[in-house]
Amino acid sequence: MAKIKVGINGYGTIGKRVATAVAAQGDMEVVGITKARPNFEAKAALAEGFDIYVPAESVESFEKAGVPFAGTFDGLLMKADIMVDCTPGDMGKGFKEKYQAAGVKAIFQGGEEHGLTGVSFNSTANYKESWGAQFSRVVSCNTTALLRTLSPLDREFKVTSAYVSLVRRAADPGDSKGGPINGLEPSVSLPTHHGKDVQSIMPWLDINSMAIKASTTLMHIQTVMVELSKEVSQDDVIALFRRCPRVMMVNSREGIKSTCQIIEMGRDMGRSRGDVYEVVLWEDGIRVVGSTLYYYQAVHQEADVIPENVDCIRSMCKMMEGPESVARTNAAMGIDHRDGMHVRLQYSRRPSL
Ligand SMILES: NC(=O)c1ccc[n+]([C@@H]2O[C@H](COP(=O)([O-])OP(=O)(O)OC[C@H]3O[C@@H](n4cnc5c(N)ncnc54)[C@H](OP(=O)(O)O)[C@@H]3O)[C@@H](O)[C@H]2O)c1
């Protein structure tokens, strides 16, 4: 069967990772990426073997810098079956018109509103809803993480209500903009959009959220309090989380006490860019009191949405069912374990370089 031809619009934090992940799959290929500036990331894309396409207004700067490119954005549209739009949030409307005119499918990211596409995507919660769609949106990193645990909890135990408090990273590690650089900044517009974004996929869920921006770049942490429709045991909850795709359990007793050690573990595992694609739960930080469940989960914001983009391509191009796609994506990206112990076993067996 012919490979699906994927174009990536934007090669920043998310775009470069989606490109690497797509290139690792056997049933799809990257036909080109776009860059607006001829900087070091453009050279990195060339080194990875990707053809660069540029917006018409960037042609001159690429020529001046001597960075080779294969054509303009319109040329990439003619080659692609589907575009993964990874441009900064709020640019989606303009690009959607271009994809529509070219008759090309497109995936947008969480920086866009749900209304842009009318359907949003998460591999665990609603794979089939993007089946054959021309446009879909992979929800944000925080929403992806919440859906990975709330959706299975709702299916298994029925969630009556959920409350989430987020401690958000202020900027990505590659950014020298943003802040605070030494402080904590509450989001005063309440409740924050995070709960509402979960409702773009689970509209029936009673969920609210608050958030604080913190002076860190590594990960977000979410504190989650869930009211279940019945009393359950802690063991039942842990057993469920162990069965959830792309959920990793760690334990503070084994030295994973903070986001610092999670990122270090991602590097030790030899993942591309040290990425931690799973949402990471502290097993010893899970508590059930009656029918109320409490847990913490850490989110590598640069990474968790990447496998979801690959699955979204398969759903929109009607390539295979959800569980099969998740398994194939995981196998190609080295996501094949359920907890920190398993991870350590896996990487201790890697041959030395
Ligand atoms: N960063 C995260 O943690 C994260 C997590 C989940 C979802 N998201 C979402 O993913 C999307 C992308 O975010 P990001 O963090 O990857 O942004 P980013 O790092 O700023 O990258 C944006 C990319 O878009 C390119 N671009 C800008 N204007 C363009 C144009 N006119 N034509 C073509 N390309 C253009 C930029 O090119 P140049 O570099 O050449 O200017 C850059 O490569 C947003 O919707 C965001 O909300 C981000």
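Just so you know, all these numbers are worked out from the coordinates, no wet-lab data involved. This structure is a prediction, so every number in the text was calculated from the model and none was measured. Positions of Cβ are backbone-derived with ideal geometry, glycine not excepted, and every protein chain shown enters the neighbour counts.
Brief remarks on what is shown
- Shape category assigned to the range 82-148 from the gyration tensor of Cα positions, a/c cut at 1.5: oblate
- Under the Karplus curve 6.51 cos²θ - 1.76 cosθ + 1.60, θ = phi - 60°, whole-Hz ³J(HN,Hα) for the range 246-252, x wherever Gly or Pro sits: 6, 10, 10, 9, 10, 9, 5
- Taking one quarter of the surface of the convex hull spanned by the alpha-carbon atoms of the range 159-295 gives a direction-averaged projected area of 9.7 nm².
- With neighbour counts taken as other beta-carbon atoms within 10 Å, the residues C260, C312 rank, fewest first, as C260, C312.
- Shape parameters for the range 231-278, alpha-carbon atoms, Rg then Dmax in Å: 13.0, 41
- Derived scalar couplings ³J(HN,Hα) [the range 263-272; Karplus, 6.51 cos²θ - 1.76 cosθ + 1.60; whole Hz; x for Gly, Pro]: 5, 4, 4, x, 5, 4, 6, x, 5, 3
- Per residue, the average separation of C-alpha pairs within less than 8 Å and at least 6 apart gives the range 32-157 a relative contact order of 16 percent.
- Note on the range 1-42: Kirkwood radius taken over Cα pairs, Stokes-Einstein applied at 37 °C and 0.692 mPa s, translational D equal to 306 µm² s⁻¹.
- P(r) for the range 28-140, from all Cα pairs and a bin width of 10 Å, is 14, 42, 33, 11, 1 %, short bins first.
- Residue pairs, from the table K93/K196; K128/K230; K5/K43; K5/K128, whose Cα atoms sit over 25 Å apart: K128/K230
- For the range 123-170, convex hull of alpha carbons as volume per residue, Å³: 90
- Per-residue Cβ neighbour rank within 10 angstrom, fewest leading, I306, I52, I238: I238, I52, I306
- Comparing mean-square fluctuations of G132, G92, G270 from a GNM of the chain with C-alpha springs under 10 Å, the top value falls on G270.
- Rg/Rg_globular for the chain, with Rg_globular taken as 2.2 N^0.38 Å and Rg from C-alpha atoms: 0.99
- Cα-centre dipole for the chain with unit charges at Cβ (Lys and Arg positive, Asp and Glu negative), debye to 20: 380
- Beta bridges per DSSP, both residues in the chain: antiparallel share near 40 percent.
- Cβ crowding within 10 Å, taken as a proxy for footprinting-reagent exposure, orders I256, I107 from fewest neighbours to most as I256, I107.
- Each listed q (0.11, 0.14, 0.18, 0.21 Å⁻¹) maps to a log10 I(q)/I(0) for the range 178-242, found by the Debye formula over equal Cα scatterers with no solvent: -0.41, -0.63, -0.89, -1.02.
- In Hz, Karplus ³J(HN,Hα) per residue of the range 141-152 (6.51, -1.76, 1.60; θ = phi - 60°; x = Gly, Pro): 4, 5, 5, 4, 5, 5, 5, 4, 10, 5, 5, x
- Local net charge near L116, Cβ-Cβ under 9 Å (Lys/Arg +1, Asp/Glu -1): +1
- Hydrodynamic radius of the range 1-89 by the Kirkwood approach over all distinct alpha-carbon pairs: 12.8 Å.
- Residue of D268, D311, D154 that the Gaussian network model of the chain assigns the largest fluctuation, springs spanning Cα pairs under 10 Å: D268
- Value of relative contact order over the chain, rounded to a whole percent, pairs C-alpha under 8 Å and six or more apart: 17
- In the range 226-306, the alpha-carbon atoms span a convex hull of 101 Å³ per residue.
- Taking a Cβ cut-off of under 12 Å around C317, the surrounding Lys, Arg, Asp and Glu residues balance to a net charge of +2, with basic ones at +1 and acidic ones at -1.
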